[in-house]
Amino acid sequence: MARIIVVTSGKGGVGKTTTSAAIAMGLAKKGHKTAVIDFDVGLRNLDLIMGCERRVVYDFVNVINQEATLNQALIRDKNCNLLYILPASQTRDKDALSLEGVGRVLDELKKDFKYIVCDSPAGIEKGAHLAMYFADDAFVVTNPEVSSVRDSDRMLGILASKSRRAELSEEPIKEYLLLTRYSPDRVKLGEMLSVDDVQEILSLHLLGVIPESKSVLNASNSGTPVILDEKSDAGQAYADIVARYLGENRPHRFIDDKKGFFRNFFGGK
Amino acid sequence: MSIDSQKKTNMQSALEFKSSTFSVPVLVLSSVDLILIEQQLQEKINLAPEFFRNSPVVLDLQEINKHGYDIDVTALTDIIRKAGLLPIGMRGGNIQQNKQALELLIPVYSIHSGSELAENKKQKKITPAPKQKADSDTSVITTTLITQPIRSGQRIYAEGDLVILAQVSAGSEIMAEGNIHVYNTLRGRAMAGVRGNTEARIFCFDLQAELISIAGNYKVSEDLDETVRNKPVQIYLQEQALIIKDIVQHN
Ligand SMILES: Nc1ncnc2c1ncn2[C@@H]1O[C@H](COP(=O)(O)OP(=O)(O)OP(=O)(O)O)[C@@H](O)[C@H]1O
Ligand SMILES: [Mg+2]
């Protein structure tokens, strides 16, 4: 059975696209046929991170408007032949997406793919709503600061009430917390919230912590998802996340203050 | 959330009681017309047959009993089972209906009506001077129970009491015409007695609220004393003043 994963946050610029590219690549590398869709119509970012911006002929909106078939629009990744990218349109605005059209495209993708990763735009408006509406799992990307945590909380409320699963009273979307751009040093200085703090506010299953890392910028400059940079901390953190999502039990890394964290994690209320 | 039972033996244990929460669909009945119920139930199921197949369900008779109608629980259960649903509980029933349910091996939950006794006992423990409601035997106390977190941006309104087992996030709003109980951290805005009931109270495990209000008398976060913050407290009105007190009474 195919699973639809939405990568969402509410707040902008927290690392959704970086995460979408990384986990889509990670899942494909593990042998699962995966598609990653850019829902950020008008901004088009994912194809840059994936390094396929020069091969875009048709986009998501073309497929929805039936101006192109899915096969025409899907771009096969240059590093992994189990990974396909469905880019966003740069020339339309977000009203070009319709619930019915998105549902149709996802249904078609589900026949052929194991995982479908939806890179959500920021905000809680139409684009973000469409990206999460059909999801089975949600990766809630959060930075360790109050406004990002608050927006994630808001998004969690929307996932629980406005999704297809919620509307049909089906089993709710599975929600996972991804804490990104984490910097233990800044946590120590009191400039950032700690993992504990964020967990306490959101009470959500932590899938992983991605450290603030220069490798992310390098990766996006070279158009390869950071997970392929196996030596980098961020790349390893994303690899852990994919493994945990697939059911492997891996200890958390990149948190530094491990003691405090584990005390809370296991002995917590 | 699960609480392991204690086991202090070296023997290999064969079982364990755990406490956990499930979300189960509740079938709220508003008619006693069995034919109509059967028909509408089938229509609903047809919308998502896979979802409903062998789905557990809790029957809620409160609406019916509020209007003084009666229903044959045995016949009702037959209809539900025939539709492919598995009744695992009933609430809001009267004595006769509860008896019928138990005979059918269907557990009876006393969250709604029929729980006056338990309610009073609970009140005695946390209230210095419990107000015995004279008409409590005729009116039905309705309680809204929520087990999921209330997230930022969400609003909850309860006509009676509101009981929340999960956290209430900052940026959310919970309102009740009766009392509010939050058995977790309260970070959002909580308003009890919103239709003027000055007897309403707010109870919470950990007070970090943005705003608390009873019958329109409110305090914002800034006004909260440090001595009550992050504590299990109850909040009530006394001569139009909001009193916030440790839920545990030390005299
Ligand atoms: N772990 C990280 N370490 C350092 N920089 C990061 C990290 N994650 C993301 N960034 C940087 O943050 C910026 C925003 O990242 P990204 O585009 O993935 O966010 P987004 O949530 O998709 O943004 P938008 O809301 O605009 O779609 C980028 O410049 C990216 O390189
Ligand atoms: Mg993005």
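Taken together, the values in this text are just the output of simple stated rules run on the coordinates, not laboratory data. These figures come from a predicted structure and were not determined experimentally. When we count neighbours, we look across all protein chains shown, and the Cβ atoms used for this are built from the backbone with ideal geometry, even at glycine.
The calculated FRET efficiency for B:LEU105 paired with A:GLU167, based on their beta-carbon distance and R0 = 25 Å, is about 0.15. Sorting B:LEU34, A:LEU82 from the fewest to the most surrounding beta carbons within 10 angstrom yields B:LEU34, A:LEU82.
As a length-normalised measure over Cα pairs under 8 Å and 6 or more apart, the relative contact order of chain A settles at 24 percent.
Is the C-alpha gyration tensor of the stretch A:101-211 telling us rounded, prolate or oblate? Criteria: a/c under 1.5 is rounded; beyond that, a/b larger than b/c is prolate, otherwise oblate. Since a/c reaches 1.5 and a/b is larger than b/c, the shape of the stretch A:101-211 is classed as prolate. Provide the FRET efficiency to the nearest 0.05 for the A:GLN66-B:VAL26 pair, computing r from the beta carbons and using R0 = 30 Å. E between A:GLN66 and B:VAL26, to the nearest 0.05, is 0.10.
Qualifying trypsin sites (Lys or Arg not before Pro) in the stretch B:138-202, where qualification requires a DSSP coil assignment and no more than 13 other C-beta atoms within 10 Å, comprise B:ARG195. Each Lys and Arg contributes +1 and each Asp and Glu -1, all at the Cβ; summed about the Cα centre of chain A, the dipole is approximately 520 debye.
Sparsely packed loop sites in the stretch B:171-251 (the GluC sites (Glu not before Pro) outside DSSP H, G, I, E and B with at most 11 other Cβ atoms within 10 Å) comprise B:GLU226, B:GLU239.
Sorted ascending by nearby beta carbons within 10 Å, beginning with the fewest, A:MET192, B:MET90, A:MET155 become A:MET192, B:MET90, A:MET155. Counting only other residues whose beta carbon sits under 11 Å from that of A:VAL14, what net charge do I get with K and R as +1, D and E as -1? Result for the local shell: +1.
Judged by the ratio a/c of the largest to the smallest principal axis of the C-alpha gyration tensor, the stretch B:139-251 counts as rounded, that ratio being less than 1.5. The mean sequence separation of alpha-carbon pairs under 8 Å and at least six residues apart, normalised by the residue count of the stretch B:134-226, gives a relative contact order of 19 percent. Between B:ASN217 and A:ASN81, the modelled labels are 7.6 nm apart [label points 7 Å from Cα along Cα→Cβ]. Ordering A:VAL195, A:VAL36, B:VAL248 from the fewest to the most neighbouring beta carbons within 10 Å gives B:VAL248, A:VAL195, A:VAL36.
If both residues of a DSSP beta bridge must be in the protein assembly as shown, then about 20% of such bridges are antiparallel.
Which of rounded, prolate, oblate describes chain A, given a ≥ b ≥ c as roots of the alpha-carbon gyration tensor eigenvalues and a/c under 1.5 marking rounded, otherwise prolate only if a/b is larger than b/c? Cα axes put chain A in the prolate bin. Taking amide H as placed 1.01 Å from N in the peptide plane, the amide H of A:MET192 sits under 5 Å from that of A:VAL187, each at least 5 places away or on another chain. Converting phi to 3J(HN,Hα) with the Karplus coefficients 6.51, -1.76 and 1.60 and the offset θ = phi - 60°, the stretch A:2-9 yields 5, 10, 9, 10, 9, 9, 9, 7 Hz in sequence order, with x at every glycine or proline. Largest GNM mean-square fluctuation across A:VAL105, A:VAL242, A:VAL140, computed for chain A with C-alpha springs under 10 Å, falls on A:VAL105. Measure nothing fancy, just the Cα-based angle from helix A:16-29's long axis to the longest principal axis of chain A, in degrees from 0 to 90, nearest 10. Rounded to the nearest ten degrees, it is 80. Across A:ARG164, A:ARG150, A:ARG54, mean-square fluctuation computed from a Gaussian network of chain A (C-alpha pairs under 10 Å connected) peaks at A:ARG54. Among the listed pairs A:LYS174/B:LYS219; A:LYS11/A:LYS78; A:LYS78/A:LYS231; A:LYS114/B:LYS44; A:LYS188/A:LYS214; A:LYS94/A:LYS214, a Cα-Cα separation exceeding 26 Å is found for A:LYS174/B:LYS219; A:LYS11/A:LYS78; A:LYS114/B:LYS44; A:LYS94/A:LYS214.
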